[in-house]
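The structure appears right after this line, and notes come after that.
Bear in mind these aren't lab numbers, they're just calculated from the coordinates by the rules spelled out. Because the structure is predicted, anything quoted here is derived from the model rather than measured. Backbone-built Cβ (ideal geometry, glycine too); neighbour counts: all protein chains shown.
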Amino acid sequence: MLTISKDRFKRDYIQKFIELHGKDLDEGTNLNKYEALGSLIRDYVSRMWIETNKRYNREKEKQVYYFSMEFLLGRLLGNSLLNLGIRDVCKKALKELGVELEDLENLEQDQGLGNGGLGRLAACFLDSMASLKIPGNGCGIRYKYGFFEQKIIEGSQVESPDKWLREGNVWEIKKTDKAEVVKFGGEIKTEYIGGRLTFTHVNYEPVLAVPHDTPIVGFENEVINTLRLWSAEPVVNEFDFSSFSRGEFLKAIEYKNSVEAISQVLYPDDSFYEGKILRLKQQYFFVSAGIQSIIRHYKKHLGDLCLLNEKIAIHINDTHPTLAIPELMRILLDEEGLSWEDAWRITTNSVSYTNHTILQEALEKWPIDMFKKLLPRIFMIVEEINERFTKELWSKYEGQWDKISQMAIVGDGYVRMAHLAIVGSHSVNGVAKLHTEILKNQQMSDFYYMYPRKFNNKTNGITHRRWLIKANPKLTSLLNETIGESWIKHPTDMEKFERFKNDSFVKESLFKIKNENKQKLAKIIKDNQGIVVDTNSIFDVQVKRIHAYKRQTLNALRIMDLYNKLLENPSLDIAPRTFIFAGKAAPAYYLAKKTIELITALADKINNDPRVSDKMKIVFMENYRVSLAEDIVPATEVSEQISTTTKEASGTSNMKFMMNGAITIATLDGANVEIRDEVGDDNIVIFGLTEREVLEYYRHGKYSAWDTRNGDERLIKITDQLVNGFYHDEKDRFRIIYENLLNYNDEFFVLKDFASYIEAQEKVDKLYKNKEKWQEMSCVNIAHSGIFSSDRTIKEYATGIWGSGYLYKNL
Ligand code: 26Q
């Protein structure tokens, strides 16, 4: 923990400001002030960072490398201050200088280098590794443009580039001397040299990978870990621009552009795979740079490569970094001269893999031709892995050609990344109990049968430091006042809070805190969307990526139904509700974009209907991102977790909401199952098809959307309203949604779950009207949320998969 007095801080800050801007503090803009503060904090951090690295090198504790295409960090200033333990001092000091800390914090651009859950999980894991003193490094891509910025124009999503680096980035340090060269294309020359077959890569296109390091501050423990993001640059030596004749000059420009394209932009699709060569380039680019730098560092500090897997663990976040497996093989074989057997043992014992989805359309497979041309040597290695693996299969399943070809790594003209990841690693985990069971028993059952010991579950978590302590300071104080502060380091101690579930003072406090958080959010809604919401209404929230399986449509349909009911019976006795949505649709995902249009159309019509305006309001908040989530989550009362059972691997916003006292309305999908197990049926509202029912429908194909609709008056009315111009002059605006629900017999069972969803919502209404009961439920939810801290998750990874982090036991 950094100890610094207020006066010292003031002096340092003023000095930093002048040094940086060449003027006095009172002449500076808030942005100037933010930059000075960021820069000062980085100075403080730098000393600890150097010390941490020295200690790691000295003590040679096992290092974890978390490879991920996405790190969705959000803002860093507030959390770094919190973790350094100087946020209060800093706040007071700045106040005395006439500066509001929050104003500066709000100026920071989100670091939005991720799509959603998977990227945010990586960020929570970095925070937990540092806070648990686990030597953990992130490895990814420094995209020039992160996840696009979303605007809603005339009811539709419009994307623009996320220029997050426009005003610079105070947190990163470019390490030019640690650059690596990554090789694409070309040919492989094989020859025997000294009786050994060697492989030489020729005529390749070189790309310089330049690391940018960001400090990851541990919580009050003086640990600073590193997130290393790679940026692609031309290798200048080999293409010296000035000395080229005209033809070569153009070639050089082309080369430069094609290189820089690699780290230009984050692909905005989650859960939909498209075989784009640039994406494959991105994957090999950061994986190769990362593995090369690991080996370089290892050789310098530790030496013997045969012990590599005892000293480092390489974790791959979904299949996107799977090329780490053949890349590590390549280095051990071609550059270090190890035998195949040794290289394979070291590689598989180093690498572990997390699966985040069972959606078929999200599974990565690369066309062989593309793969081979771009990565000739890596392809040879993958072929060899495949050959050895299929031989092993043959010995088990002699004659069963179908099974063998289904399980092969290379087959049907593709390289199947999930198969490579399973075969080339020592651990495969799902992200919630149900998800892992589905992996074992359905999706990957053949592999589970073959390698039962590789498969394990690690239920996701979220960092309670960002999502509770930072996002909800008032609830944090209430916890501290009632149960003491031990929960901060031991989040499961939050269970003690359950003792207060019948304490009227605590319940009143919970009510008040929620209300204040709602007021804060209401102001943001007013400022951003121009909509005035009633802070006495239920804040009912669904914020996440827009996707058919997450069923924002189901939510929209019940809003339509409620509107109909209110028009029919204006005195219907319901607790007023504000329906809050936010989330981005992949730019090419037409149905998802139409879903946004539907929600905004409902808002337009219903919000402007005075007959219902005191009972319901609909808000679609623009540009959902981490910093906006930090304002929404603490103000939420009803958390909508309504995916089709079996489809949501885990979900993590469900955990954030619960931790902030929201009541969950949910299907028994993903980690909702564990949330239910924690709080009990009385403190969550469950509805919808069970896993078994869903799987049964898929097996027998007996679902009929039309029959379901025709059997329910409410559904007849609302599905008609989708296409009769009720919500928009353009009558066919939502036709595709209608077609999907009915004529395409919607594979996500929206209509099937409608009736039970409505019933569940009526139950929510009743519970909310009983204020005492609601606060009691809220209290129980908070009390049981500690287990969903990512600290628990990371301890499980460390002990169960990585074999690292023995130190955390002493905390
Ligand atoms: C793959 C290939 C080509 C282009 C894009 C992709 C791609 C990119 C991102 C595929 C998937 C993703 C992201 C997936 C994701 O966020 N999954 C979520 O992971 C969370 C953390 O485990 C879970 O809580 C969610 O349930 C899961 O949907």
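Descriptive notes on the structure:
- Inter-label distance, nm, simple model (7 Å from Cα along the C-beta direction), Asn724/Glu384: 6.9 nm
- Amide H within-cut-off set for Leu72, under 5 Å, with H built and near neighbours excluded: Arg120, Ala122, Ala123
- Relative to the Cα centre, the charge distribution of segment 320-430, modelled as +1 at Lys and Arg Cβ and -1 at Asp and Glu Cβ, gives a dipole magnitude of about 160 debye.
- Length available on full extension from Arg345 to Glu100: 0.36 nm per residue minus the Cα-Cα distance, which gives 82.6 nm.
- In sequence order, calculated HN-Hα J values of segment 381-396 (Karplus, 6.51, -1.76, 1.60; Hz; x Gly/Pro): 5, 4, 4, 5, 4, 4, 4, 5, 5, 5, 4, 4, 4, 4, 5, 8
- Likely footprinting exposure, Leu76, Leu323, Leu695, Leu557, fewest C-beta neighbours within 10 Å first: Leu695, Leu76, Leu557, Leu323
- Under a 5 Å amide H cut-off, with hydrogens placed 1.01 Å from N, Lys501 pairs with nothing among residues at least 5 apart or on other chains.
- Residues Val780, Val265 arranged by fewest to most Cβ contacts within 10 Å: Val265, Val780
- Summary value for the chain: 13 percent relative contact order, contacts being C-alpha pairs under 8 angstrom separated by 6+ residues.
- Segment 1-136 - percent relative contact order, Cα under 8 Å, separation 6 or more: 34 percent
- Taking amide H atoms as placed 1.01 Å from N in the peptide plane, the amide H of Ser427 lies under 5 Å from those of Tyr353, each 5 or more residues away in sequence or on another chain.
- Remark: the Arg692-Leu359 segment gains 118.2 nm on full extension, using 0.36 nm per residue and subtracting the alpha carbon distance.
- Sites Ser486 and His700 - FRET efficiency at Förster radius 60 Å, r taken between beta-carbons, to 0.05: 0.70
- ³J(HN,Hα), Karplus 6.51/-1.76/1.60, whole Hz, each residue of segment 688-697, x for Gly, Pro: x, 4, 8, 3, 4, 5, 4, 5, 4, 4
- Prolate/oblate/rounded label for segment 352-462 (Cα gyration tensor, a/c 1.5): oblate
- Estimated translational diffusion coefficient (Stokes-Einstein, Kirkwood radius over Cα pairs, 25 °C, 0.890 mPa s) of the chain: 87 µm² per second.
- Label-to-label distance, Glu739 versus Asn536, with points set 7 angstrom from Cα along the beta-carbon direction: 4.6 nm.
- Phi angles of segment 210-223 translate, via the Karplus equation with coefficients 6.51, -1.76, 1.60 and θ = phi - 60°, into HN-Hα couplings of 10, x, 10, 9, 10, x, 10, 8, x, 7, 6, 9, 6, 8 Hz per residue; Gly and Pro are given as x.
- Extending 7 Å from the Cα toward the beta-carbon at both Asn502 and Asn53 defines two label points whose distance is 5.8 nm.
- Relative contact order [Cα under 8 Å, 6+ residues apart], segment 480-562, whole percent: 13 percent
- Dipole size of segment 394-482 about its Cα centre, with +1 on Lys/Arg Cβ and -1 on Asp/Glu Cβ: approximately 500 debye, rounded to the nearest 20.
- By the count of neighbouring beta-carbon atoms within 10 Å, fewest first, Leu567, Leu121 end up ordered Leu567, Leu121.
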